[in-house]
Amino acid sequence: MRIAFFGTPQFATPSLQALLGHPEIEVAAVVTQPDKRRGRGKRVSPSPVKAVAMEANCPVLQPKRIKRDEAALKQLRDIGADAFVVVAYGQILSPEILEMPRLGCINAHGSLLPAYRGAAPIQWCLYHGEAETGITTMLMDPGMDTGAMLLKSVLPIRPADHALDLAKSLSALSADLLIKTLQNLEQGTITPEPQNNAIATYAPLIQKEDYALDWQRSAIALHNQIRGFYPNCTAQFRGEPLKITVTVPLEAIAAANAPPAWQNLIEPAQALSSDSPVGAPGEIMAFLKQHGPIVQTGNGLLLLSQVKPSGKSAQSGRDFVNGSRLSVGERFE
């Protein structure tokens, strides 16, 4: 099978590597976003997908606007591809491009469609506290993740997973599912399933205001926001911005599916939950020895396990307590 691969970020690299390594698949070209300035030094560097393609000596196309780049469109037509495979490319494909390959354009999307169509499905499914997510492969159409579904692979979400954890797991899942999808399409053993638009949900681009923490919300809701938008959620403390990156909602610690990292917190957390008075939202109520500050929310207590003060590296909750000399009764805004 002859394909062109469209992708840009790290999330797409396991899929490209799997396709490059498959004996029955030829990756004739890789299409990715133009090089841009990255990192602290702001040096111009290739996308992660381009780096993989260059290592494999695979031809790379980097049109700024693929729908309007006649040279790139001609190159894609000349490939004579059986399929175009798209994983987090970052540009919308025109109807002209969608119709080029014999088997169509196959997209691997990071949710169980029709849930969480759009740009940030991993982040928003965590924000909403979903128990599972997955990868859906689909035949692309001109809509936003509205094409007929091909195969799905389900992944349970653990209570302590954050967006980077989940993205890593889903990217590996995507690689396996794409190979199976392409093979089944070639063999004619898949029947595309139209999506039910009536139950579709959306995962829009994340905005700056989505990172702001409102302590009136519950401990569970704040925990889900912090892990969903990891590592960027921010509160104000002593007049300075403070990123809060890892938390534990105390009432969830004793749950049956609590992760191993939370097990040693069960007894002290239960004692705090039962003995502590209710404070104002954002107020430091106590310190969990060796772990960090306990903060009152609109409903429940939240342990801050890791934070990142402005201009500093991330630090444990314990180091934050000791280094900043926190006091019970201080408030996060």
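The values are calculated or read from the model by the stated rules, or taken from the named source; none is laboratory data. It should be emphasised that the depicted structure is a prediction, and the values quoted were computed from it without experimental measurement. Methodologically, a virtual Cβ is constructed for each residue, glycine included, from the backbone with ideal geometry; neighbour enumeration extends over all protein chains shown. Side chains are part of the model used for accessible areas, which takes the heavy atoms of the whole protein and leaves out ligands, DNA and RNA. Shrake-Rupley method; radii C 1.70, N 1.55, O 1.52, S 1.80 Å.
Looking only at K180, K243, K50, which one moves most when the chain is put into a Gaussian network model with springs between Cα atoms under 10 Å?
K180
Amide H neighbours of V30 under 5 Å, counting only residues 5+ apart in sequence or on other chains, H built in-plane at 1.01 Å?
Amide H neighbours of V30, under 5 Å, 5+ apart: F5, V60, L61.
Name the long-range amide H neighbours of L303: under 5 Å, sequence gap of 5 or more, or other chain; modelled H, no Pro or chain starts.
Correct list: V248, L250, V295.
Mind sorting out which of [x] 6, 28, 38, 24, 5, 0; [y] 5, 21, 33, 30, 10, 1, 0; [z] 5, 23, 27, 20, 15, 8, 1, 0 is the real P(r) over Cα pairs in 10 Å bins from 0, in percent computed from the coordinates?
Computed from the coordinates, P(r) over Cα pairs in 10 Å bins from 0, in percent corresponds to [z].
Taking a probe of 1.4 angstrom, what is the accessible area of H128 in Å², to the nearest 10?
110 Å²
How high is the relative contact order of the chain, given as a whole-number percent (alpha carbon pairs under 8 Å, six or more residues apart)?
Relative contact order of the chain: 13 percent.
Alpha carbon centre of region 296-312 versus region 56-78: separation in Å?
46 Å
Among the DSSP beta bridges whose two residues both lie in region 1-100, what percent are antiparallel, rounded to the nearest 5? It would help to have the intermediate numbers written out before the result.
Numbers: 3 of 15 bridges.
The answer is about 20 percent antiparallel.
Would you rank I79, I92 by solvent-accessible area, highest first, keeping every protein chain in place and using a 1.4 Å probe? Can you show the working numbers first?
Working: I79 20, I92 105 Å².
So the residues, ranked largest to smallest area, are I92, I79.
Tell me the accessible surface of C105 in square angstrom (1.4 angstrom probe, heavy atoms of protein chains only), to the nearest ten.
Using a 1.4 Å probe on the heavy atoms, I get roughly 0 Å².
Looking at the chain, what % of its DSSP beta bridges pair antiparallel, to the nearest 5?
Of the beta bridges lying entirely in the chain, close to 65 percent run antiparallel.
Taking the chain as a Gaussian network, Cα atoms linked when under 10 Å apart, which of K67, K312, K289 shows the biggest mean-square fluctuation?
K312
Using the charge dipole of the chain (Lys, Arg: +1 at Cβ; Asp, Glu: -1 at Cβ; taken about the Cα centre), state which of P142, S327, L170 has its Cα farthest towards the positive end.
Farthest towards the positive end: S327.
Just the accessible area for E251, please: 1.4 Å probe, Å², rounded to the nearest 10?
90 Å²
Quick one: ranking L205, L166 by accessible area, 1.4 Å probe, largest first, what do you get? All intermediate terms of the calculation are to be shown ahead of the outcome.
Values: L205 120, L166 5 Å².
Correct descending sequence by accessible area is L205, L166.
Kindly state, to the nearest 0.05, the FRET efficiency for K168 paired with N197, given R0 = 35 Å and r defined as their beta-carbon distance. Don't skip to the answer; put the middle values down first.
Working: r = 31 Å, r/R0 = 0.88.
That pair, K168 with N197, gives E of 0.70.
Using the Cα gyration tensor of region 33-72, with a ≥ b ≥ c the square roots of its eigenvalues, what is the shape: rounded (a/c below 1.5), prolate (a/b larger than b/c) or oblate (neither)?
Note, shape of region 33-72 comes out oblate.
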